[in-house]
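Take this structure first; my questions come after.
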Amino acid sequence: MGLGVGLALAGGVAGAVTDGKASTAVLGAAIAGTLGAFAPTVYDAAVARRRAMDDAESAAALTDLDAGPATLLTARRAVADFIGRAGELQALADWCADPDATRMRLVTGPGGVGKTRLMLELSARIHDRGWLVAEVGERQEATVLERYRQTSDGRVLLVVDYAETRTGLEALLASVVADRGAEVRLLLLARSAGEWWDRLGAGEPPVRKAHARATVERMELASEVQAGLTDAQVVASAAADFARVRHVADVPEIVLSERRGRARILDLHAAALVGVLEAERVPGTGTVHVDLAEVLAELLGHERRFWQRSAETAGLCAGPGGLTPVMLGQLVAAASLLGARDRSEAVALLGRVPEVPVSGRVADWLRGLYPPDADSTDSTGGGEWLGSLRPDRLAELHVSRELADSDELALRCLRDLDTAQARQALIVLGRASVDYEPAEQLLHRIVPLVAGVAAELEAPRETLAAISAAIPYPSLALAEADAIIARKVLESIPAGERTAERASWLTTVGTLTAQLGRPADALPPTQEALTIRRELAETNPDRYRPDLARSLSNLGVQFSELGRPADALPPTQEALTIYRELAETNPDRYRPDLADSLSNLGVRFAALGRPADALPPTQEALTIRQELAETNPDRYRPDLATSLSNLGTTFSELGRPADALPPTQEALTIYRELAETNPDRYRPDLARSLSNLGVRFAALGRPADALPPTQEALTIYRDLTETNPDRYRPDLATSLTNLGITFAELERLDEALPLVLEGVDLWRDLADRDAQRFAARHEASINLLKALTREQDES
């Protein structure tokens with residue numbers, strides 16, 4: 001009995017090729033004031049902070065009542081020595097020194113990988129060369145360079161942290177490109193490049209040129225800071241620095257739990273700090289074992305003790321109405337989630353935390369617990385009155401856990417929000433959903449509330465765009481909220497406009513709608529985006545042909561998702577033609593897109609039952625992605641896994657199961673590692689890869705080997721379907737069928753029949769909703785059930 005019932009080519013293009021949907025205490029003072037003056041530069045602030053820290057340490061003045069231990073991890077405190085990143089630091093310094101270099105650079109990397117600390121080290125290095133380095137505050141983008149040029153023609157490096165959340169980058173980049181003073185550089189730091197980055201390049205020719213060069217020269221920080229430097233060595237070095245600040249005489253030996261891959265620098269520093277804190281708590285501790293997967297949660301335990309001691313000292317815990325440890329944790333979470341721009345807002349914020357007294361005294365204590373950053377003032381003189389738990393990843397984990405542990409707190413914190421609060425809440429939750437498996441799982445519980453916030457959000461188009469850019473793609477937890485916000489942006493653009501901006505948002509809406517498992521609803525905006533981009537490319541091919549190719553690729557994906565492979569083939573072929581031409585003239589920029597397009601074409605041929613035609617483009621895509629992954633594994637290993645998976649499927653369709661097994665196994669290894677670090681993004685790919693491996697073993701006549709991966713795939717698909725039934729019910733039905741067949745081949749019919757019967761019910765419901773896509777699969781599942789029933793009767 002074959003195992004291929006109901007199986008499509010897996011591991012191909014899981015979703016549309018989107019427009020991209022594809023962060024020393026007073027350091028980094030922002031450009032200040034309405035008078036045109038500059039606040040202390042990043043370098044000056046760093047020096048002042050370093051001197052203050054040295055004075056405090058020599059006087060033994062830093063105690064747990066002054067600041068929580070987690071503040072020692074912030075990049076701007078710079079407690080642990082900067083190590084590694086020599087190549088990246090030199091590349092950025094050379095970029096500043098080269099008069100012919102592009103004026104803008106983008107540095108990306110996940111939270112905690114060291115982007116802000118790298119920027120601070122760069123500022124120290126170029127200060128002696130006559131550069132002023134200053135961070136651009138919120139709502140200062142349009143005027144910051146003009147104000148600086150009123151006082152100086154000197155060299156200036158402008159830095160924007162969390163660039164993906166900012167609304168005024170277009171004006172800032174235009175001013176940087178047009179500047180006629182001495183050298184000016186713009187450094188953008190972001191967790192990822194996305195649609196915000198693509199839209200940034202839609203300006204006038206000089207802006208587009210700077211953007212194109214910055215795209216090619218984008219610097220993506222890997223977790224490893226230096227070749228040959230182990231995680232244990234990084235931890236040992238940082239532990240010595242933390243022990244000095246905490247006045248711990250005997251630095252403990254810190255033993256890390258085993259893990260795949262390299263840890264981010266923040267996690268390693270957190271492990272060092274946790275080890276030192278344990279040695280401080282239990283003098284004489286020689287060895288401390290630290291689990292990197294739980295280190296931030298463990299650090300939160302130390303931070304909670306700081307909250308408790310601080311509140312007790314302030315007299316807030318005494319008596320029947322005193323604050324409890326639960327209230328303290330929820331207060332910190334609410335402040336980190338929503339913030340407050342003045343004292344009255346902070347007092348009102350207290351009313352969102354169950355049973356906490358609404359008083360100015362508690363608000364003042366909360367502000368003293370985590371004071372606002374010195375650079376939080378914006379161009380209007382406003383800013384944040386409350387600070388937040390830091391580092392940001394610690395706050396994101398704490399917020400997610402507190403909201404998930406208390407439905408009442410989640411309801412109070414995610415209703416009746418103004419625009420600023422809604423923006424901050426969605427950004428914090430969006431970031432949280434990426435970094436931690438526990439946070440991602442807990443976030444699912446409050447998805448309806450988050451979607452409600454998005455639906456009620458009224459804000460300017462630029463603000464909505466910034467919120468959308470900050471939500472990760474793809475994200476199972478926040479897909480609905482992201483789609484709602486994208487539609488709001490699209491609705492703010494007149495339907496008659498034939499502009500690149502409207503085409504971009506049509507593309508985003510189509511992609512996000514498809515992510516929700518609604519390909520039929522995704523098709524119209526995708527087609528309209530293609531029509532607009534084709535018109536734009538006719539008048540300005542150099543500018544818009546890449547966008548046209550992207551829309552053609554998306555249309556092919558949408559037709560494929562709808563079960564219309566014949567309609568999907570022509571736009572996929574046209575996209576490939578364009579990308580091949582683009583890659584010939586600019587290979588650094590367009591070879592990744594060429595590989596994507598080749599991969600898509602292989603999937604289309606396979607869906608049409610033409611595996612021999614699918615093999616050449618699939619192999620060519622794999623070759624390109626292997627080369628890309630060698631030079632930048634963090635960025636291109638997911639694509640490499642996709643190509644390996646596709647190659648395995650193509651060999652299988654060609655009747656070459658022995659050739660299909662190795663690439664399928666290699667793909668699974670990569671996806672398992674990726675899913676460990678980012679489950680929200682890669683668990684669907686892991687499930688597909690497990691399912692593929694089961695199919696490969698079955699084709700080789702090894703059902704016993706097929707059983708474990710097929711069972712694991714089913715477990716994952718059940719979880720995914722609970723969160724997003726529209727998207728994953730077909731995969732669940734396929735997985736049920738596969739596992740039933742596997743049990744049947746092992747002559748375990750009593751276990752096979754219930755699974756196949758459940759699959760029949762699912763296929764029936766799917767066929768009732770979309771006969772064109774699922775009627776044939778429903779009929780095949782019924783035939784399978786009849787065959788198994790007869791076999792059981794005969795036995």
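Which whole-number percent of Cα pairs in the chain have a distance greater than 54 Å?
Numbers: 39783 of 315615 pairs.
Distances greater than 54 Å cover 13 percent of the Cα pairs.
Determine the dipole magnitude for segment 140-197: charges of +1 sit on the beta-carbon of Lys and Arg, -1 on that of Asp and Glu, nothing else is charged, the reference point is the Cα centre, and the result goes in debye to the nearest 20.
Details: 7 positive and 9 negative charges, 35 e Å.
In debye, rounded to 20, segment 140-197 gives about 160.
Let me ask something additional. Once the cut-off is 25 Å, how many percent of the Cα-Cα pairs in segment 445-558 end up in the long-distance tail? It would help to have the intermediate numbers written out before the result.
Values: 1400 of 6441 pairs.
The calculated P(r) of segment 445-558 puts 22 percent of pairs beyond 25 Å.
On average, how much accessible surface per residue is there in the chain, in Å², for a 1.4 Å probe, leaving out ligands, DNA and RNA?
Values: 30740 Å² over 795 residues.
That works out to 39 Å² per residue.
So if each residue of separation counts as 0.36 nm, and I subtract the Cα-Cα distance between Ala780 and Asp153, what length gain in nm does that give? Display every interim value, and only then the final one.
Working: separation 627, 0.36 × 627 = 225.72 nm, distance 7.40 nm.
Between Ala780 and Asp153, full extension yields 218.3 nm more.
Could you rank the peptides 643-655, 706-718, 537-549 by their average count of other C-beta atoms within 10 Å per residue, with the highest value first?
On the way: 643-655: 24.6, 706-718: 20.2, 537-549: 17.2.
Final packing ranking: 643-655, 706-718, 537-549.
Please report the carbon-and-sulfur percent of the accessible area for segment 686-795; probe 1.4 Å, protein heavy atoms only, DNA, RNA and ligands left out.
Working: 2270 of 4850 Å².
Roughly 47 percent, rounded to a whole number.
Based on the mean of other Cβ atoms within 10 Å per residue, sort peptides 281-292, 749-760, 507-518, 137-148 so the most packed one is first. Spell out each step's value before the answer.
Details: 281-292: 13.0, 749-760: 18.5, 507-518: 25.6, 137-148: 20.1.
With the highest mean Cβ count within 10 Å placed first, the list reads 507-518, 137-148, 749-760, 281-292.
Among Ala318, Pro372, Leu169, whose Cα projects farthest towards the positive end of the dipole of the chain, with charges put on the beta-carbon of Lys, Arg (+1) and Asp, Glu (-1)?
Ranked along the dipole, the leading option is Leu169.
Tell me the carbon and sulfur percent of the accessible area for segment 402-556, rounded to whole percent, probe radius 1.4 Å.
50 percent
Once the piece of chain linking Ala455 and Arg656 is laid out straight, how much longer is it, given 0.36 nm per residue of separation minus the C-alpha distance between them?
Values: separation 201, 0.36 × 201 = 72.36 nm, distance 5.05 nm.
Additional length available on full extension: 67.3 nm.
So the label point goes 7 Å from the Cα of Glu258 along Cα→C-beta, right? Which residues of segment 226-240 then have their backbone N under 19 Å from it?
Under 19 Å, as judged by backbone N against the label point of Glu258, lie 230-233 of segment 226-240.
Between segment 659-712 and segment 73-132, what is the separation of their alpha carbon centroids in Å?
Spelled out, the Cα-based centre of one part sits 40 Å from the other.
At 0.36 nm per residue, and after removing the present C-alpha to C-alpha distance, how many nm does the segment from Leu700 to Arg635 gain when stretched out fully? Display every interim value, and only then the final one.
Numbers: separation 65, 0.36 × 65 = 23.40 nm, distance 3.35 nm.
Extra length available between Leu700 and Arg635 comes to 20.1 nm.
Over the C-alpha atoms of segment 620-732, what are the Rg and the largest Cα-to-Cα span, Dmax, in Å?
Just the Cα atoms of segment 620-732 yield Rg and Dmax of 14.2, 38 Å.
Give the aspartates and glutamates whose C-alpha is closer than 14 Å to that of Lys209, dropping any in the same chain fewer than 8 places away, or say none.
Counting by Cα, and skipping residues close in sequence, Lys209 has these aspartates and glutamates nearby: Asp100, Glu170, Asp198, Glu217, Asp542.
Rank by packing, highest mean first: peptides 403-411, 729-737, 487-495, 676-684, with packing defined as the count of other Cβ atoms within 10 Å averaged across residues. All intermediate terms of the calculation are to be shown ahead of the outcome.
On the way: 403-411: 17.9, 729-737: 24.6, 487-495: 15.8, 676-684: 20.4.
Ranking, from highest mean packing down: 729-737, 676-684, 403-411, 487-495.
Quick one: which residues, 5 or more positions from Leu132 or on another chain, have an amide H under 5 Å from its amide H? H modelled 1.01 Å from N in the peptide plane, none for Pro or chain starts.
Amide H to amide H, under 5 Å and 5 or more residues apart or across chains, Leu132 pairs with Arg155, Val156, Leu157.
Please report how far the C-alpha centroid of segment 277-338 lies from that of segment 762-795, rounded to the nearest whole angstrom.
One Cα centre to the other: 56 Å.
OK, next. How large is the helix-only mean residue ellipticity at 222 nm for the chain, computed as the sum of -39500 (n - 2.57) over DSSP H runs with n ≥ 4, divided by its residue count, in deg cm²/dmol to the nearest 500? Mind dumping the intermediate values first?
Numbers: 33 runs with 509 residues, N = 795.
My calculation for the chain gives -21000 deg cm²/dmol from helical runs alone.
The values are calculated or read from the model by the stated rules, or taken from the named source; none is laboratory data. Owing to the predicted nature of the structure, the values given are computational and were not obtained by experimental measurement. In this analysis, Cβ positions are derived from the backbone assuming ideal geometry, glycine residues included, and neighbour counts consider all displayed protein chains. Remember, those area values only see protein heavy atoms, side chains included, never the ligands or the DNA or RNA. Shrake-Rupley method; radii C 1.70, N 1.55, O 1.52, S 1.80 Å.
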